[in-house]
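Asker: Sharing a structure here in structure tokens format.
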């Protein structure tokens, strides 16, 4: 914690434009966020201290906050929306809840796939396959498709199909490969389950290390959570994790947007710019174990050791249009 406080103080001292004007001191920005993490809250405090702009934070689930924004759009309360899951962009745009952003401070250093006219990704998490390094796999694994092979009979571990991470993964497959191939994959994986899907992502790693299965689907973010845990048993689990980045690795994004007809647009834009600066991106990476979106920001050593990989090319603005079909497929194949 002392190291983190020191880092936050460094942010306040080194970020450009750290003086507070009298007009800024009277500003507020209302933030609706589903990222209920200490790191995010600390960054908002740092923003307040740097600018004098007060942040009013409302937390909740992403879909519920979006529904609230939609109900309030005749007289919006929120200025900034922050959430996990690129699939939510579709709903927000279809309901005309967002307004154009000024990307000029960071656009040259952010991939085009990670920003749109009215949104920008803040962080990324890779959906990977993991195994026990003390029990190496007997065959080469290169893609998600391999999890549907008979060689993995009674060997695959995953959380429930109700997981937003799994829904987004399958929705991305539908967008990239089509319905038929996506359903065949889901059916093959379901047949190869070592047990009925249960638990969260961290539990999947623990199941692998206890010998309940050979390979699990997991987000890299939770590998970092295990490695940084105060529970030494979880740290030991992290030390035994081997990571396979599949071809076309699915990246789950967190993103930010400004709400249409926001009453505090200047403050809202300033906050989003702050979260896209090098120092804030470094905090996301080192303290929360996420992949930064800004080029040149170093990864957490926890993730850097697993090497480089190729990510899938998908249209995040259309990802949400495939969610209903993904849920239907999970239901048809019996992925509980």
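Coordinate-derived values only; no laboratory data. Keep in mind it's a predicted model, so treat the numbers as computed, not measured. As a convention, Cβ positions derive from the backbone with ideal geometry for all residues, glycine included, and neighbour counts pool all protein chains shown.
Asker: How far apart, in nm, are the 7 Å Cα→Cβ label points at residue 160 and residue 266?
Answerer: Inter-label distance under the simple model: 4.7 nm.
Asker: Taking the Cα of residue 212, stepping 7 Å toward and past its beta carbon, and measuring to each backbone N in segment 114-152: which are under 16 Å?
Answerer: Zone members listed by number: 130-132.
Asker: Continuing with the same structure: With r defined as the distance between the Cβ atoms of residue 26 and residue 57 and R0 fixed at 22 Å, what FRET efficiency is calculated, to the nearest 0.05?
Answerer: That gives a FRET efficiency of 0.70.
Asker: Taking a label point 7 Å from the Cα of residue 187 along the Cα→Cβ vector, which residues of segment 130-167 have an amide N closer than 15 Å to it?
Answerer: Counting backbone N atoms under 15 Å from the label point, the list is 148-150.
Asker: If each residue's Cβ is checked for other Cβ atoms within 10 Å, how do 302, 53 rank with the fewest at the top? Please list the in-between numbers first.
Answerer: Details: 302 19, 53 23.
The fewest-first ordering by Cβ neighbours comes to 302, 53.
Asker: For 196, 286, 123, 190, which order do you get if you count the other beta carbons within 10 Å of each Cβ and list the fewest first?
Answerer: Details: 196 9, 286 22, 123 26, 190 19.
Starting with the residue having the fewest Cβ neighbours, the order is 196, 190, 286, 123.
Asker: Ok, one more. For segment 199-253, just say rounded, prolate or oblate: build the C-alpha gyration tensor, square-root its eigenvalues into a ≥ b ≥ c, call rounded for a/c under 1.5, and beyond that prolate if a/b exceeds b/c, oblate if not.
Answerer: oblate
Asker: Right, another one. Quick one: if the Förster radius is 30 Å, what FRET efficiency do residue 45 and residue 315 give, using the C-beta to C-beta distance and rounding to 0.05?
Answerer: 0.30
Asker: Here's another thing I want to ask about it. Quick one: order 282, 230 by neighbouring beta-carbon count within 10 Å, fewest to most.
Answerer: Least crowded to most crowded, the residues run 230, 282.
Asker: Using only the C-alpha atoms of the chain, find the volume of their convex hull and express it per residue in Å³.
Answerer: 126
Asker: Who wins for biggest fluctuation among 305, 41, 181 in a Gaussian network model of the chain, springs between alpha carbons below 10 Å?
Answerer: Answer for the Gaussian network model of the chain: 305.
Asker: Averaged across orientations, what area in nm² does the convex hull of the alpha carbons in segment 201-318 project?
Answerer: Taking a quarter of the hull surface, the average projection is 9.5 nm².
Asker: Separate question: At what distance in angstrom do the alpha carbon centres of segment 142-184 and segment 272-336 lie from each other?
Answerer: When both Cα centres are located, 17 Å separates them.
Asker: Rounded to the nearest 500, what is the chain's calculated 222 nm mean residue ellipticity when only DSSP H runs of at least 4 contribute -39500 (n - 2.57) each, over all residues?
Answerer: -12000 deg cm²/dmol
Asker: Which length gain, in nm to one decimal place, applies between residue 142 and residue 73 when the Cα-Cα distance is subtracted from 0.36 nm times their residue separation? Intermediate results must be reported in sequence, preceding the final value.
Answerer: Details: separation 69, 0.36 × 69 = 24.84 nm, distance 4.56 nm.
This chain segment gains 20.3 nm when fully extended.
Asker: Report Rg (one decimal) and Dmax (nearest whole number) for segment 69-144, counting Cα atoms only, units Å.
Answerer: 18.7, 59
Asker: Return the distance in nm (one decimal) between the two label points of a simple spin-label model at residue 180 and residue 235, each offset 7 Å from Cα along Cα→Cβ.
Answerer: Taking the two extended label points, one gets 5.2 nm.
Asker: Also, I was wondering about something else. With r defined as the distance between the Cβ atoms of residue 332 and residue 102 and R0 fixed at 51 Å, what FRET efficiency is calculated, to the nearest 0.05?
Answerer: Numbers: r = 44 Å, r/R0 = 0.87.
Given R0 = 51 Å and the Cβ-Cβ separation, E is 0.70.
Asker: Using a/c under 1.5 as the rounded threshold, could you call segment 249-330 rounded, prolate or oblate? The axes a ≥ b ≥ c are square roots of the C-alpha gyration tensor eigenvalues, and prolate needs a/b larger than b/c, oblate otherwise.
Answerer: The shape class here is oblate.
Asker: Could you identify which residue out of 154, 34, 111 has the top mean-square fluctuation in a GNM of the chain using Cα springs shorter than 10 Å?
Answerer: Most flexible of the set in this elastic network: 111.
Asker: Only Cα pairs within less than 10 Å get springs; with that Gaussian network setup on the chain, which residue of 26, 149, 95 has the largest fluctuation?
Answerer: Maximum among the listed residues: 26.
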